Amino acid sequence: MDGSNATLVERRDLTADVASLFIRPDDAAGTPFAPGQYATLGLADGNRIIQRPYSMATPHAADDTWEFHVRRVRAGALTERLWDVPPGGRLRLGTPRGRFTMDPGDPRSRLFVATGTGIAPFVAMIRDDLAAGRRRTTVVVHGVAHADELGFGDLLASLDADRRSGIRYLPTISRPGDARNRGWAGATGRAEAVLADSWDALGLHHGGMVAYLCGNPGMVLAAQATLAARGVAPGDIRTESYWLDRAAAPAA
């Protein structure tokens, strides 16, 4: 069994264990998706295909190459193999799925809170806004263990610097004492804690806001509690949890 229907065009390493994979489907034009959705990546293993779901960081299928922001799980069933696939290598790409999407016509301000590679669907949403010329007040809080894992940090920081973009970017690291974080001068602490501490400084208000949470399940639960305590209605909170070991996650 092979089932290959896509090609790995390029892998750009952010760290030894975090990378962007650029994958070209054989039939990109015939595979529509919305910003925020995910698709499975898979490789053949004998008579079966090992596959896991990952969110696209590209906004829509008009791009013939899709970007996935992926963490390598050491001794994991799939990602160790993915890291061995050379440019031009073949793999299996599943049908895009998921309801973690935005309504382009929703005028409300947005709060995006992510941990790790959970930043990917938010980058897709932001890129879609930029391509369509939409400018909407958007606060992005992104938490990682190490500063070098802040995927898309340069893009988000440049948008934050341009006040016309409407985007505020607050990256934070949870291990400030680690040698890898030497020289870091930004926020420290877990994303949900930084969100709570920075609520007023970020100009957040429960009225007229929709919140999206993506990443570590613990962060998602804690951030939901923070939002609820500040009066954000449950119907205005959208969530997507990422498990480090996808095999332990419930079916999507």
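For this structure, a couple of remarks:
- Of the set (1) within 30 Å of Gly105 (Cβ to Cβ); (2) modelled with pLDDT under 95; (3) over 19 Å from the mean Cα position of the chain (by Cα), all apply to Ser241 but (3).
- Within region 49-78, the residues that satisfy the criterion of being touching an Asp or Glu at 6+ places or on another chain (Cβ under 9 Å), under 20 Å from Leu150 (Cβ atoms) and among the charged types (D, E, K, R) are Arg71, Arg72.
- Count of residues meeting criterion [assigned to a loop (DSSP other than H, G, I, E, B) and polar (S, T, N, Q)] in region 21-42: 2
- Of residues in region 43-61 being assigned to a strand (DSSP E or B) and of a type in the set (Gly, Ala, Ser), the one surrounded by the most Cβ atoms within 10 Å (Cβ to Cβ): Ser55
- Going through (1) within 30 Å of His205 (Cβ to Cβ); (2) within 18 Å of the chain's Cα centre (by Cα); (3) in a loop (DSSP other than H, G, I, E, B) one by one, Ala114 falls short only on (3).
- Members of region 3-33 that are touching a Phe, Trp or Tyr at 6+ places or on another chain (Cβ under 6 Å) and of a type in the set (Gly, Ala, Ser): none
- Meets criteria (modelled with pLDDT of 95 or more, farther than 22 Å from Ile126 by Cα, surrounded by 18 or more Cβ atoms within 10 Å (Cβ to Cβ) and not β-branched (Val, Ile, Thr)) for Ala185: no
- Selection status of Asp64, in contact (Cβ under 8 Å) with a residue 12 or more places away in the chain, loosely packed, with under 13 Cβ neighbours inside 10 Å and in contact with a helix residue (DSSP H, G or I) (Cβ under 8 Å, 6 or more places away or on another chain): yes
- Taken together, the residues in region 67-95 that are of a type in the set (Phe, Trp, Tyr) and surrounded by 19 or more Cβ atoms within 10 Å (Cβ to Cβ) amount to 1.
- Positions within region 62-83 being of a type in the set (A, V, I, L, M, F, W, C) and assigned to a strand (DSSP E or B), in sequence order: Trp66, Phe68, Val70
- Odd one out for Ala201 among (1) in contact with a strand residue (DSSP E or B) (Cβ under 6 Å, 6 or more places away or on another chain); (2) surrounded by fewer than 19 Cβ atoms within 10 Å (Cβ to Cβ): (1)
- Members of region 1-20 that are in contact with a helix residue (DSSP H, G or I) (Cβ under 7 Å, 6 or more places away or on another chain) and either among the hydroxyl-bearing types (Ser, Thr, Tyr) or part of a strand (DSSP E or B) (or both): Thr15, Val18
- Being under 25 Å from Leu155 (Cβ atoms) and touching an Asp or Glu at 6+ places or on another chain (Cβ under 6 Å) is a property that holds for Phe22.
The values are calculated or read from the model by the stated rules, or taken from the named source; none is laboratory data. Remember, predicted model here, so these are calculated numbers, not experimental data. Positions of Cβ are generated from backbone atoms using ideal geometry, with glycine treated the same way; all protein chains shown enter the neighbour counts.
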